[in-house]
Amino acid sequence: MSCVFCKVINGELPSSKVYEDDVCLAFLDIHPITEGHVLVIPKSHKERFTQLDAQTAGHLFQIGHKILKAIEKSDLRCEGANLFLSDGVVAGQDVMHSHLHIAPRFKGDGQRTGFSHSDPDEYPRKRLDEIANKVKKFIKE
């Protein structure tokens, strides 16, 4: 398999692990936006977040929560954090193995994240309700 994250999981590539269990592995990003930038990945190869089962998806975020609390207790600079998961190439996913980023942030870190540099136009409530209904009918309990 040519997936770089699968190679990390299998020990074929080195990593600086911060956490590991039967479901996931967390390690430092080799191109961090700030010190302490961690990636949390499922051990099963799934390209997209929606391909993960609900338990695994939830577990990634539970471990992300645990890791961020540890970062906050450490001596790493962390006045806030970005937790983000890019799902698909058009969303900026660069490694096609689903992964959660945890990036400590602090004033003056020189980094930007977000959707755009300007606020989009506000949608009318009627249009928002139409979109909500399109999504709601496919949500399964």
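Length available on full extension from A70 to D109: 0.36 nm per residue minus the Cα-Cα distance, which gives 12.1 nm.
When each of T113, T34 is scored by the number of other beta-carbon atoms lying within 10 Å, the sequence from fewest to most is T113, T34. With bins 10 Å wide beginning at 0, the percent of Cα pairs of the stretch 1-131 falling in each bin runs 11, 38, 32, 15, 4, 0. From least to most packed, judged by other beta carbons within 10 angstrom and beginning with the fewest, L76, L128 follow the order L128, L76.
Absence of a disulfide-compatible partner, taken as no other cysteine beta carbon within less than 4.7 angstrom, is noted in the chain for C24, C78.
If the chain between Q62 and K46 were fully stretched, how many nm would it gain, using 0.36 nm times the residue separation less the Cα-Cα distance? Computed gain between Q62 and K46 is 3.9 nm. Here the contact order of the stretch 4-136, divided by its residue count and restricted to Cα pairs under 8 Å and six or more residues apart, works out to 23 percent.
Note on K137, K43: ascending count of other Cβ atoms within 10 Å places them as K137, K43, the fewest first. 3J(HN,Hα) along the stretch 97-107, derived from phi through the Karplus expression 6.51 cos²θ - 1.76 cosθ + 1.60 where θ = phi - 60°, amounts to 9, 3, 7, 9, 8, 10, 10, x, 10, 8, 4 Hz, with x in place of Gly and Pro. Label-to-label distance, K136 versus N10, with points set 7 angstrom from Cα along the beta-carbon direction: 4.7 nm.
Read-outs throughout are calculated quantities, based only on the coordinates presented, and are distinct from any laboratory measurement. The structure presented is a predicted model; accordingly, all values stated were derived computationally and were not measured. FYI the Cβ positions are ideal-geometry reconstructions off the backbone, even for glycines, and counts take in every protein chain you see.
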